[in-house]
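Each remark here refers to the structure printed beneath this line.
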Amino acid sequence: MFYLARSSACALSAMIFIIALTSLSSAETPPDYCIDFSPESCLRIKAVVESKVLPAYCAPGFALVGTTLTHEQLRICYVLTKEPLSPEEQAFSDRLEKKQNQIIEDARAMVKESWENYRIQIEMIEIGYKCDVIDKFPADATIQKIQSTMRYGLARAGLSGDPTMSVEDFAKEAIQAGKDAAEQGACTRLTAAERGRLRSMVSDLMR
């Protein structure tokens, strides 16, 4: 029975492939935007392009490094964003773009807010290192681990590759703030309890 079911599935796939080939070959020469794509892919791309409705995934920045779009989606976006739209289609596209931009801005605000906790941690770790409370290796390793957590948060928010959300630049600023605080007398103000909490925090983050 399993063999028959598998054979039926294969037969169905073959029929779909043949229909796709027949449809494409019976039409005009495939458009230029189908170059390097299979007949099945071309049919899917053509259907979206000819609808002239800009998909949500074609919002500004769709080609940023780290994009999760497929090659088909990227080709669709490149074609549609170059073709003129009717006033109604442009209005729809503008509304879609505005909504997508709002989603991106909201995601950035959410991530930046969560990063404030990491800023405090990184600053305190750098103060601990500069004040000889924490050794260099655990300090560096812990900051790197925090940065990895921040990158994971960026990916979950769909902001990987966003040039306005640099984990490295954020960490550098926090580290510099920690250095400045140590130079301005933070070491002498650290209490025994604060030094203990610093060591405990680093120990917990190292796990």
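Values quoted throughout were computed directly from the atomic coordinates according to the rules given, and no laboratory measurement underlies them. Just so we're clear, the structure is a prediction, and the values are computed from it rather than from any experiment. Virtual Cβ from ideal backbone geometry, glycine too; neighbours counted across all protein chains shown.
Key figures
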| item | result |
| --- | --- |
| Residue-wise HN-Hα coupling along segment 183-189, computed from phi with Karplus coefficients 6.51, -1.76, 1.60 (Hz; x: Gly, Pro) | 5, 9, x, 4, 4, 6, 8 |
| Share of Cα-Cα pairs in segment 126-182 lying beyond 18 Å, as whole percent | 40 |
| Förster-model FRET efficiency, 41 Å R0, Gln176 and Glu97, C-beta, rounded to 0.05 | 0.65 |
| For a label point 7 Å along the Cα-to-beta-carbon line of Thr149, residues of segment 94-122 with backbone N under 20 Å | 108-122 |
| Global size of segment 110-206 as Cα Rg and Dmax, reported in angstrom | 13.8, 43 |
| Compactness of segment 158-202, expressed as Rg and Dmax over alpha-carbon positions, Å | 15.0, 43 |
| Largest-first principal axis extents, alpha carbons of segment 91-149, Å | 60, 15, 11 |
| Residues whose placed amide H lies under 5 Å from that of Ala157, excluding near-sequence neighbours | none |
| For segment 117-124, 3J(HN,Hα) per residue [Karplus equation, 6.51 cos²θ - 1.76 cosθ + 1.60, θ = phi - 60°, Hz, x = Gly/Pro] | 5, 5, 4, 4, 4, 5, 4, 5 |
| Under 5 Å, built H, 5+ apart or other chain: amide partners of Ala59 | none |
